[in-house]
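Following: one structure in structure tokens, then a few remarks.
The values are calculated or read from the model by the stated rules, or taken from the named source; none is laboratory data. The structure displayed is predicted, hence computed values, not measured ones. Cβ placement follows ideal geometry from the backbone for every residue including glycine, while neighbour counts extend to all protein chains displayed. SASA here: full protein model, heavy atoms, side chains in, ligands and nucleic acids out. Shrake-Rupley method; radii C 1.70, N 1.55, O 1.52, S 1.80 Å.
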Amino acid sequence: MKYRKLGSSDLKLSTITYGAFAIGGAMWGGNEKKDSIESVKASIENGVTTLDTAPFYGFGLSEKIIGQAIQGYDRSKIQLLTKFGLVWDGSNNGKGEFFFEAEQGGKPIKVYKYATKANVVKEVEDSLRRLNTDYIDLLQIHWPDNTTPISETMEALDVLIQQGKIRAAGVSNYNISQVEEAKNTLSIASIQVGYSMLNRSIESNLVPYALENDLGIIAYSPMERGLLTGKYFEGSKLKSNDHRNSYFQQFDLPKVKFFLDAIKPIANAKKISLSQLILRWTTLQPAITVVLSGARDAKQAELNASAMEINISAEEMDFINQNLSKIVSC
């Protein structure tokens, strides 16, 4: 495994970072807790020391699983990344910015973006308890809340840093102007954004900005929630309550399959999976500090970690990129 410094912070994160959205179960057709815990442990034991989660993932379940899985490990050698700012339990009393409707325990709930100073403090205490730790390495606002001044949110993060409850602060799903506004109050270590072979919009503006301003980029959904594994085209069935049934429809699926079929011989020749090849490609893109990758069990976690051992030649990169350019419209 390789480790990279995150922006201007003193954090060093594993280039492949464990993404814990799916182990929350909600929106992903459920999960197996035992397998999830084993996937976290296998990740750590294979060098993936950075774990990224959020309260919203499984409505607290993802954080609880992470907190349970890391017991027995040297906490100083694990980097816990979590978020705040999505509220679903009614504690915001209808305040904040309505985001979308979800389902919890078979009942409809309303999710709000809510990042007031008081709520940030509350959420951090809840996350510390679920993660069973006394500090968070990187705390990130999950989505921008247009009803709360950015300066107020950043002031809360500054206080938490001074208190030693978080080591560094980051943002997620911000645009550059929002990052600039945040920096007026607090030094921001990173931005977490969606980035994949099928979603490269950040390359035109955020990537050069990050390079110029020592801002780390944490890339989420590099596999487009499993679409780029190729399993979807091989008869893999999704449960009816899996959000990917609708998520995948945004892509030109025949073009995606054509692309995967074109690059699969490279993976076959190296005796690796498409997932490993694509993860490694993503880690090699400019300004990308770490790449999030989920795992449902220990075997998947081991394969994700070993992606960093793969060598992609210049000729192979050219071949991949040439074929990728043919589906850029999707």
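With segment 70-117 as the region, which strands (runs of 3 or more DSSP E) entirely inside it contain at least 1 residues that are open to solvent by 50 Å² or more (accessible area, probe 1.4 Å)? Lay out the reasoning, then the answer.
Working: elements: 79-84, 97-104, 107-113.
Qualifying strands (runs of 3 or more DSSP E): 97-104, 107-113.
Does at least one position in segment 226-240 carry a residue that is of a type outside the set (D, E, K, R), closer than 26 Å to Lys12 by Cβ and buried (at least 16 other Cβ atoms within 10 Å of the Cβ)?
no
Is there a residue in segment 146-159 that is of a type in the set (A, V, I, L, M, F, W, C), surrounded by 18 or more Cβ atoms within 10 Å (Cβ to Cβ) and more than 19 Å from Leu6 (Cα to Cα)?
yes
Only one of Lys34, Lys64 is assigned to a helix (DSSP H, G or I), open to solvent by 10 Å² or more (accessible area, probe 1.4 Å) and in contact (Cβ under 8 Å) with a residue 40 or more places away in the chain. Can you tell me which?
The unique qualifying residue is Lys64.
Cβ-Cβ distance below 6 Å, separation of 6 or more or different chains: which pairs start in segment 172-190 with a residue that is farther than 16 Å from Leu211 by Cα and at pLDDT 95 or above and end on one that is of a type in the set (Phe, Trp, Tyr) and not in a loop (DSSP other than H, G, I, E, B)?
The qualifying pairs do not exist here.
So, in segment 284-305, of the ones that are out of contact with any helix residue (DSSP H, G or I) (no Cβ under 7 Å at 6 or more places or on another chain) and not charged (D, E, K, R), which residue ends up surrounded by the fewest Cβ atoms within 10 Å (Cβ to Cβ)? Please lay out each step first, then the result.
Just the residues of segment 284-305 that are out of contact with any helix residue (DSSP H, G or I) (no Cβ under 7 Å at 6 or more places or on another chain), to begin with: 284-285, 289-290, 292, 299.
If we keep only those that are not charged (D, E, K, R) as well, we get 284-285, 289-290, 292.
On the way: Leu284: 13, Gln285: 17, Thr289: 23, Val290: 29, Leu292: 26.
Among them, the one singled out is Leu284.
Report, ordered by the first and then the second residue, all pairs with beta carbons closer than 7 Å, sequence separation of six or more or different chains, a first member in segment 279-306 that is within 20 Å of Val207 (Cα to Cα) and modelled with pLDDT of 95 or more, and a second member that is of a type in the set (Ser, Thr, Tyr) and part of a helix (DSSP H, G or I).
Ile288/Thr282; Val291/Thr282; Val291/Thr283
Which of the residues belonging to segment 251-283 are more than 23 Å from Gly194 (Cα to Cα), open to solvent by 30 Å² or more (accessible area, probe 1.4 Å) and in a helix (DSSP H, G or I)?
If the condition is that a residue be more than 23 Å from Gly194 (Cα to Cα), open to solvent by 30 Å² or more (accessible area, probe 1.4 Å) and in a helix (DSSP H, G or I), then Asp261, Lys264, Pro265, Asn268, Ala269, Lys270 are the ones that fit.
Quickly run through segment 191-206 and pick out the residues that are buried (at least 19 other Cβ atoms within 10 Å of the Cβ) and in contact (Cβ under 8 Å) with a residue 24 or more places away in the chain. Lay out the reasoning, then the answer.
Here is the first cut: in segment 191-206, the residues buried (at least 19 other Cβ atoms within 10 Å of the Cβ) are 191-193, 195-198, 202, 206.
Scanning segment 191-206 gives Ile191, Gln192, Val193, Tyr195, Ser196, Met197, Leu198, Leu206.
Among the numbered criteria (1) modelled with pLDDT under 95; (2) under 27 Å from Ile288 (Cα atoms), which one does Gly105 miss?
With (1) modelled with pLDDT under 95; (2) under 27 Å from Ile288 (Cα atoms) applied to Gly105, the lone miss is (2).
Give the residues of segment 62-96 that are under 11 Å from Asn132 (Cβ atoms) and among the acidic types (Asp, Glu), sorted by residue number.
Glu63 - this is the single residue of segment 62-96 that is under 11 Å from Asn132 (Cβ atoms) and among the acidic types (Asp, Glu).
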